[in-house]
1. Cα gyration tensor of the stretch 32-138, axes a ≥ b ≥ c as square roots of the eigenvalues: rounded (a/c below 1.5), prolate (a/b > b/c) or oblate?
2. As a footprinting exposure proxy, order 28, 196 by other Cβ within 10 Å, with the fewest listed first.
3. For the stretch 106-231, just say rounded, prolate or oblate: build the C-alpha gyration tensor, square-root its eigenvalues into a ≥ b ≥ c, call rounded for a/c under 1.5, and beyond that prolate if a/b exceeds b/c, oblate if not.
4. What share of the DSSP beta bridges in the stretch 98-231 is antiparallel, in percent to the nearest 5?
5. Taking neighbour Cβ counts within 10 Å as the exposure measure, how do 119, 3 sort from fewest upward?
6. Taking the beta-carbon count within 10 Å as an exposure proxy, list 5, 111, 70 from fewest neighbours to most.
7. Compare 116, 24, 192 in a GNM of the chain, Cα atoms joined below 10 Å, and give the one with the largest fluctuation.
8. Helix-only estimate, please: 222 nm mean residue ellipticity of the chain, summing -39500 (n - 2.57) across DSSP H runs of length 4 or more and dividing by its residues, to the nearest 500.
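FYI, it's all coordinate maths here, none of it is from the lab. Every value quoted in this text rests on a predicted model; they were computed, and no experiment measured them. Glycine gets a Cβ as well: all are built from the backbone with ideal geometry, and neighbour counts include every protein chain shown.
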């Protein structure tokens, strides 16, 4: 992907989440039970933890439960505001996730729940992982999830944008799509990862993969790829 277009998509994503912040927060109040194990299995008391793309901080209660030292960050100013209103005791900041303002070897764990699929192009995905690796302690863990769509409408979007790519009518990469937000003139950028692709780029950046799979909710209408990797 052209780097200038990728930079545009990064700015667009920030703008889009500011536009839909209240709707998004209202529909993201509950924790996804199917990924609880990523917190219960890997968090330890007094861990210093970074929650990248924390949104409205809906996962904060899980971090608090484990008594970790928590920092949540997000690109969206409005989502950060909503998160602070919801959890005033939490350390939540507006931060550029591609340029983390933290020292080297600072965090025991870095969580990126439903974030990585919004980062366009290999250049910026590798930059994201490079920054995560920099701020992680030796043997520290990256816990990441990306969306794996089930619904036919999203498969149609993937077919549509693949066709547009093949005929040269889009600047997007293969497996990139724009997903409309209902009720708003907003189309969010997504990259639909495969398990193989996600593992490949994480390995390329020098991480050791500990665990990887697909987490599904009880009704099987929502699923996400998850990956745990060690620095």
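1. Verdict is rounded for the stretch 32-138.
2. Lowest count first: 196, 28.
3. Note, shape of the stretch 106-231 comes out prolate.
4. 75
5. Ranked by crowding around the Cβ, least crowded first: 3, 119.
6. The fewest-first ordering by Cβ neighbours comes to 5, 70, 111.
7. 24
8. -10500 deg cm²/dmol
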